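For reference, the structure discussed in these notes is given below.
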There are 2 protein chains.
Amino acid sequence: MGKLKFDISVSLDGFVAGPNPRLDEPLGEGGEQLHEWIFGLKEWREAHGLEGGETVSPDSEVIAEGLANIGAYVMGRNMFGGGEGPWDTDEPWQGWWGDDPPFHLPVFVLTHHPREPLELKGGTTFTFITDGPEEALEQARKAAGDHDVKIAGGAEVARRYLRAGLLDEFELHVVPVFLGGGTRLFEGVDAGIELENTRGVRSPTGVVHLRYRTVK
Amino acid sequence: MGKLKFDISVSLDGFVAGPNPRLDEPLGEGGEQLHEWIFGLKEWREAHGLEGGETVSPDSEVIAEGLANIGAYVMGRNMFGGGEGPWDTDEPWQGWWGDDPPFHLPVFVLTHHPREPLELKGGTTFTFITDGPEEALEQARKAAGDHDVKIAGGAEVARRYLRAGLLDEFELHVVPVFLGGGTRLFEGVDAGIELENTRGVRSPTGVVHLRYRTVK
């Protein structure tokens, strides 16, 4: 059985999104800064069907590793979007990523609203799970086989799996900015969760990649 | 003129002390875990007049660097303790460190209560400043000459200098634990403060040392 893991960009003050997210600024004020280091990377651009970009060590290796050996994704309802937020629409919502999303794998979306699976181009199928995170993980594990299951986001879903003792490892990309408010990655996590640091590498971009595993 | 800087151990969820600090547990629940990596280091023990200990790379180098080139300290009133908390006493409070404190330099304590300077053994003199952090820094800079001024703690004092644009650099020792609550190092810092990461080194102990400078 593979691992359950996630990786996420976080500000030095611990936020994965800035304050006051809006439709035209979904990552909140200043939140875009968390992802600037990644947009120019060849490895990330390829995975998203974009040309160009550069290889920057160690960022490129970290991104490539984060994309390797994944067999399925689990995703929260806010990450998928539509239907329950200010994004209501008459068209059936297909997620933020157009008709060829960058996942290319089965994606299990946690939601309160039953819906038929949505098969898009390039191998991405969104399956909507209303029976909670453990059921979503079980289905994702079946789909993934021996490969890993990755939590695509958001932070609250990652915390649920962490709290439930189901998470195996995670990697933080610590970006040298303060957001001053917004969504905290580790809001209210349990002090009883034991961690082990397994890696820490710094990039010339100033981003530091910190990898941890949970001790069970 | 030297730099104004600090270094501090912080949990992965961003706390420098755990919840519910008490007289017999001043760092709050679980807070001691933040400092375990340091107590066994030869360099730290020597600075505190203790024998024994080991040299662990890179922790020892980081500690030695943090102690080098300091000419004076600035300290908050809670860090000094006594007089305003549950620690009231009939004896004049001399700080937590006995009659030979580990500073061996002038220490400027921010307080609301005027008091004569307190000269202790080994070169430590506590001078009490009631005119605010800028005045404390000015006096500390004079005492330090060409050397650096270090903020001895606590977090709220470090944040005041950070917010005021007076801090030059800081180093975080990120310890692989969650505290789940307590005193947040970067509570409410200003998103407008620009940072540059200047170092990131991982120790076999699992502590990662992250150094930043403020861009002015």
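So here's what we get for this one:
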{"read-out": "Antiparallel %, DSSP beta bridges [both residues in chain A], to 5", "value": "45 percent"}
{"read-out": "Across the identical copies, how the residue A:145 labels are spaced - nm, sorted shortest first, 7 Å along Cα→Cβ", "value": "7.1"}
{"read-out": "Protein-only accessible surface order, largest first, of B:43, A:119 at 1.4 Å", "value": "A:119, B:43"}
{"read-out": "Solvent-accessible ranking of A:22, B:213, largest area first, probe 1.4 Å", "value": "A:22, B:213"}
{"read-out": "Lysine pairs with alpha-carbon atoms under 19 Å apart, chain B, spacing 8 or more or separate chains", "value": "8"}
{"read-out": "Three-way shape call for chain B based on the alpha-carbon gyration tensor, with the a/c threshold at 1.5", "value": "rounded"}
{"read-out": "Per-residue HN-Hα couplings for segment B:19-31 [Karplus 6.51, -1.76, 1.60; θ = phi - 60°; Hz; x = Gly/Pro]", "value": "x, 6, x, 9, 4, 8, 8, x, 8, x, 4, x, x"}
{"read-out": "Residue-level accessible surface for residue A:75, protein heavy atoms, 1.4 Å, Å²", "value": "0 Å²"}
{"read-out": "Cα centre as origin, Lys/Arg/Asp/Glu Cβ charges: segment A:161-214 dipole, Debye", "value": "220 debye"}
{"read-out": "Shape category assigned to segment A:148-213 from the gyration tensor of Cα positions, a/c cut at 1.5", "value": "oblate"}
{"read-out": "Segment A:127-155-segment B:137-216 distance, computed between alpha-carbon centres (Å)", "value": "39 Å"}
{"read-out": "GNM top mover of A:151, A:38, A:193 - chain A, alpha-carbon springs below 10 Å", "value": "A:193"}
{"read-out": "Highest-fluctuation residue, B:166, B:50, B:179 considered, GNM on chain B with Cα pairs under 10 Å", "value": "B:50"}
{"read-out": "Over the protein assembly as shown: Kirkwood hydrodynamic radius from C-alpha pairwise inverse distances, Å", "value": "23.7 Å"}
{"read-out": "Chain B Cβ-axis minimum, rotational copy A, residue and distance in Å", "value": "B:14, 2"}
{"read-out": "Antiparallel DSSP beta bridges within segment A:92-216, percent to nearest 5", "value": "75 percent"}
{"read-out": "DSSP beta bridge pairing in the protein assembly as shown, given as percent antiparallel to the nearest 5", "value": "45 percent"}
{"read-out": "Residue A:112 accessible area, 1.4 Å probe, all protein chains in place, Å² to nearest 10", "value": "130 Å²"}
{"read-out": "Computed magnitude of the charge dipole of segment B:1-81 (debye, nearest 20; Cβ of K, R +1, Cβ of D, E -1)", "value": "460 debye"}
{"read-out": "Built amide H within the under 5 Å cut-off of residue B:72, gap 5+", "value": "B:150"}
{"read-out": "Cβ-vector label at 7 Å, residue A:50, separations to other copies in nm", "value": "5.0"}
{"read-out": "Interface A:B - total buried accessible surface [probe 1.4 Å, Å², rounded to 100]", "value": "2300 Å²"}
{"read-out": "Label point 7 Å beyond Cα along the C-beta direction, distances from residue B:122 to other copies (nm, shortest first)", "value": "6.1"}
{"read-out": "The protein assembly as shown - charge dipole about Cα centre, Lys and Arg +1 at Cβ, Asp and Glu -1, debye rounded to 20", "value": "340 debye"}
{"read-out": "Residue A:64/residue B:36 FRET efficiency (R0 25 Å; Cβ-Cβ; nearest 0.05)", "value": "0.10"}
{"read-out": "Highest-fluctuation residue, B:152, B:68, B:136 considered, GNM on chain B with Cα pairs under 10 Å", "value": "B:68"}
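The values are calculated or read from the model by the stated rules, or taken from the named source; none is laboratory data. Given the structure is predicted, the values throughout are model-derived calculations rather than measurements. As a convention, Cβ positions derive from the backbone with ideal geometry for all residues, glycine included, and neighbour counts pool all protein chains shown. When the accessible area is computed, the model is the full protein with side chains, heavy atoms only, and any ligands, DNA or RNA have been set aside. Shrake-Rupley method; radii C 1.70, N 1.55, O 1.52, S 1.80 Å.
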